[in-house]
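Computed from the coordinates by the stated procedures, all read-outs in this text should not be read as laboratory data. What you see is a predicted model; the values in this text were computed from it and never measured. As a convention, Cβ positions derive from the backbone with ideal geometry for all residues, glycine included, and neighbour counts pool all protein chains shown.
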Amino acid sequence: MNVLDAISTRRNIKQFKADPIDHDSLLSWLQAASHAPNHRMSEPWEVLVVGPQTRMKLNHKTNFGDAPVVLTVLSSPGKTPLERDENVMAVSSFIENFLLAAHEAGVGTGISSFGVSAQIREILEVPEGYDVVAMIPVGYPASVPAVKPRTPIAAKIRYLS
Ligand SMILES: Cc1cc2nc3c(=O)[nH]c(=O)nc-3n(C[C@H](O)[C@H](O)[C@H](O)COP(=O)(O)O)c2cc1C
């Protein structure tokens, strides 16, 4: 699968099979993801692998589609508002890299903002000042939703003199 195919065929997966995810493979996708651009080599991403007891406490309505693995990706605090924004941008790039690396291996992922509330942050033991950028269920897809068409990009481009 080339990069363009990976980008255009990845889907946000909502329901997963019970088949486990090989841990070394998971680590290899996360390692690859860390080649994301990041200002001053800040590498602002931190990953929580959310275990079963924590998942029970989270009480998510679909238990993340019964995914065998659930990750939470944090962005480390910045010393300034700009640095914080840049950290979240770098972590977003990290996340997309991860989603694509998993997809290339036939593994589905979702992305959820479920982790942002104060109550969920507490359950996830998120240190003060860190942003919860996303929670990511990972597993073999039980079903793959249809492609959601995108606006032709020409409508989003302006050319300056
Ligand atoms: C920052 C962010 C937060 C998201 N949060 C949720 C969410 O809470 N629940 C959900 O079902 N999808 C969530 N999504 C996934 C989008 O709904 C999904 O990417 C979009 O519908 C396009 O579908 P596709 O990724 O399959 O192309 C989120 C995506 C992003 C980038």
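Descriptive notes on the structure:
- Residue 8, sole failed condition from (1) touching a Gly at 6+ places or on another chain (Cβ under 6 Å); (2) assigned to a helix (DSSP H, G or I): (1)
- For segment 25-43, the condition of being of a type in the set (Ser, Thr, Tyr) and not in a loop (DSSP other than H, G, I, E, B) holds for at least one residue.
- Flag if residue 88 is crowded, with 20+ Cβ neighbours inside 10 Å and either within 20 Å of residue 114 (Cβ to Cβ) or in contact (Cβ under 8 Å) with a residue 60 or more places away in the chain (or both): no
- Residue within segment 101-110 that is crowded, with 17+ Cβ neighbours inside 10 Å, touching a His at 6+ places or on another chain (Cβ under 6 Å) and among the acidic types (Asp, Glu) present: no
- Taking each residue of segment 11-23 that is away from the ligand (no atom under 16 Å from the Cβ) and looking for partners that are in a loop (DSSP other than H, G, I, E, B) with beta-carbon atoms closer than 6 Å, six or more apart or interchain, yields 17/140; 17/142; 19/140; 20/68; 21/68.
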